[in-house]
Amino acid sequence: MLHQLHITGLGVIRELDIGPAAGLTVLTGETGAGKTMITVGVSLALGARGGAQLVRAGDAAAKIQARFDAPASAEEWAEDGEVILARTIAADGRGSARIGGQLTTAAALAEMGGRLVEIHGQHQSLRLLDGATQTAFLDRYAGPGHVEQVRAYRGAYASLQAARRELEALSEAARDRERALDLLEYQVGEIEAIGPRADETATLAAEESRLGHAERLQELADVTGRSLTDDGGAGDLLAATARDLETAAELDAAAAGLAERARALATEVVDLASEVRAYRERVGIDPARLQDVRERIASLKGLQRKYGATDTAVLAFLERARDELVSLQTADERLASISAEVEAATGTVAALAETVSATRRAVAPELSDALTTHLAELGMPGAAIDLVLETDQPGPLGADRIELRFRGGASQPSLPLSKAASGGELSRVMLACRSVLADLDDVPTLVFDEIDAGIGGEAGLAVGRRLAHLAATRQVLVVTHLPQIACFADLHVRVRKHDGDATAEVLNDRERPVELSRMLAGMETSEHALSHAEELLEEAARVRALAS
């Protein structure tokens, strides 16, 4: 369960710290005081999306930390049996997420949070109007075995759709296959006939330059050789220099190093002259080879204009073209194969869809009865929920079209929930759904944000009783404007706004009637309202005593 929630810099909240009770915690206060911002903080700690607009004006960042009992699968994050989920949203929109002090992603927070908290609000009530949500609710009620069947169906359906898309693509491609085959065969044949090699153009360009300037290169080699070896050339001069320095070394040992360097230079000149002569011999004049090189370069350039800017790009194109050619050449075989796959997958999907539908048809009346029973307990006697299943072609959710229909009274027609239920009725239907699922899952903490919209009086008391019943086995947090709900709190937190900042305080037994009086009559000192508040608290105590 949630042990502590700490929020700073979020909306109207400068800094706020709450430690919810193990049972039912209610948050009350005037409209705009910041109650809902507290549930927003919980949502952010659980990985919900959040932007810079949530950061309190003037603050650098909004920070939320929530401390929970660690679930069994969170050992790596836990410390002393607890785990802390933390979220930071900076004023520039950047943010961070942490579990147990370790950096993580918002998606990881959401995955962890889904095992810890389930949040319900007015927008969740509206989601009940969506057919996919109604289908998921029925599946969840049917139990984990059925949910696994649905998961298997969805996987098979996704595979079938992928196979159908491939079959359609192959069928469309078959019409243009012959033309594509001709083009690819020509392209592959043209490239293979020339047979380019990686970086061949650059190598040939260097050879072309050498062959094209062969005469000039030989002339330069001749001039260089003569300057090194002719009488009075560099060789003679360096040899004479070496002899002079050797004579100097005989007179002064300090000149020995210079003499050694001069001898080395003279030897190097002799070697250089030899290599220049060898280079001159290698630079041959070969017009035929030059022509071949130029023609080869022209062929490679022709390929590059069509298939890629470099030899490597042309070779990559060739590889792709070969693969596509093989694919097209075997298209008939693949077309037959994928047709068989589609046929087999269609049968599998149909069988799985029938299995899923059979379970749904079996449990739908049971779920309808359970919801109807809960609606009566929520102050709606005579109201009923019917689950209508119509068989259709297999789709993403199965072969069933499921619709929740609501009947407000015995004499009223059963109509789609979206057309029949008011806002208050829709809130209670949502609470009835949550009550039905209470024994089917193990989410330890439930959060309800203003699900009391459109209800009051006896209906409010009925909702309060139901929330108190849920809180007997779950931790429940409720944001409410109804004293008929607030009176059932195990922990009552009043949220106020002072100088633009929200504050939260836990009310004691003396302060609770005052707050309920304010909620009833808008006045904290009304004797009549205070008396009514005391009656509500006594009723809540009586209900809790009976439940225990």
At most 14 other Cβ within 10 Å, DSSP loop - trypsin sites (Lys or Arg not before Pro), the stretch 1-94: 49, 94
Just to confirm the number: angle between the C-alpha axis of helix 35-45 and the first principal axis of the chain, 0 to 90 degrees, nearest 10? 40 degrees
Give the carbon-plus-sulfur fraction of the accessible surface of the chain in %, rounded to a whole number; probe 1.4 Å, heavy atoms of protein chains only. 52 percent
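Where only protein heavy atoms count, and the probe is 1.4 Å, what is the accessible area per residue for the stretch 163-268 in Å²?
Spelled out: the 1.4 Å probe surface of the stretch 163-268, per residue, equals 66 Å².
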Cα axis of helix 144-194 to longest principal axis of the chain: angle in degrees, 0 to 90, nearest 10? 20 degrees
Where only C-alpha atoms are counted, convex hull volume of the stretch 192-289 per residue in Å³: 111 Å³
Residue by residue through the stretch 283-291, what is 3J(HN,Hα) from phi via Karplus (6.51 cos²θ - 1.76 cosθ + 1.60, θ = phi - 60°)? Round to whole Hz and write x for glycine and proline. 6, x, 8, 9, x, 5, 5, 4, 5
Non-local residues with an amide H under 5 Å from the amide H of residue 448, with H modelled 1.01 Å from N and Pro and chain starts lacking one, are 120, 477, 478, 479
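May I ask you to give the average projected area over all directions of the convex hull of the Cα atoms of the stretch 374-499, in nm² rounded to one decimal?
Details: hull surface 42.3 nm².
Convex hull of Cα atoms, orientation-averaged projection: 10.6 nm².
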List 419, 306, 301, ordered by accessible area with a 1.4 Å probe, largest first: 419, 306, 301
Determine the order of 37, 523 by accessible area, beginning with the largest, at a probe radius of 1.4 Å. 523, 37
From the backbone phi of the stretch 245-250, what are the Karplus-calculated ³J(HN,Hα) couplings (6.51 cos²θ - 1.76 cosθ + 1.60, θ = phi - 60°) in whole Hz, Gly and Pro given as x? 5, 5, 5, 5, 5, 5
Run lengths n ≥ 4 of DSSP H only: what is the helix-derived mean residue ellipticity at 222 nm for the chain, with -39500 (n - 2.57) per run over all residues, to the nearest 500? -19500 deg cm²/dmol
By how many degrees, 0 to 90 and rounded to 10, does the Cα axis of helix 311-329 deviate from the longest principal axis of the chain? 50 degrees
Could you tell me the accessible area of residue 105 in Å² (1.4 Å probe, neighbours in place), rounded to the nearest ten? 80 Å²
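Is the shape of the stretch 443-548 rounded, prolate or oblate, going by the alpha carbon gyration tensor and its root eigenvalues a ≥ b ≥ c, with a/c under 1.5 for rounded and a/b larger than b/c for prolate? Mind showing how you got there, number by number?
Details: a/c = 1.60, a/b = 1.18, b/c = 1.36.
Oblate shape, in that a/c is at least 1.5 and b/c is the bigger or equal ratio.
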Taking θ = phi - 60°, what integer Hz values does the Karplus form 6.51 cos²θ - 1.76 cosθ + 1.60 yield along the stretch 92-104, in sequence order, with x for Gly and Pro? 8, x, 6, x, 8, 9, 9, 10, x, x, 9, 4, 8
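I'd like the projected area of the chain, averaged over all directions, using the convex hull of its alpha carbons. Report it in nm² with one decimal.
Working: hull surface 197.7 nm².
Averaged projected hull area, Cα only: 49.4 nm².
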Taking Cα atoms only, Rg over Rh for the stretch 1-80 with Rh from the Kirkwood formula is 1.00
Relative contact order, percent, the chain [alpha-carbon distance under 8 Å, six or more residues apart]: 21 percent
If I take all pairs of Cα atoms in the stretch 305-367, what percentage of them are more than 17 Å from each other? 67 percent
Result for the stretch 433-536: accessible area per residue, probe 1.4 angstrom, in square angstrom, of 41 Å²
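The values are calculated or read from the model by the stated rules, or taken from the named source; none is laboratory data. Keep in mind the model is a prediction, meaning the values are calculated, not measured. Quick reminder, even Gly has a Cβ in these numbers, built from the backbone with ideal geometry, and neighbours come from all protein chains shown. Heads up: the accessible areas ignore ligands, DNA and RNA and are worked out on the full protein's heavy atoms, side chains in. Shrake-Rupley method; radii C 1.70, N 1.55, O 1.52, S 1.80 Å.
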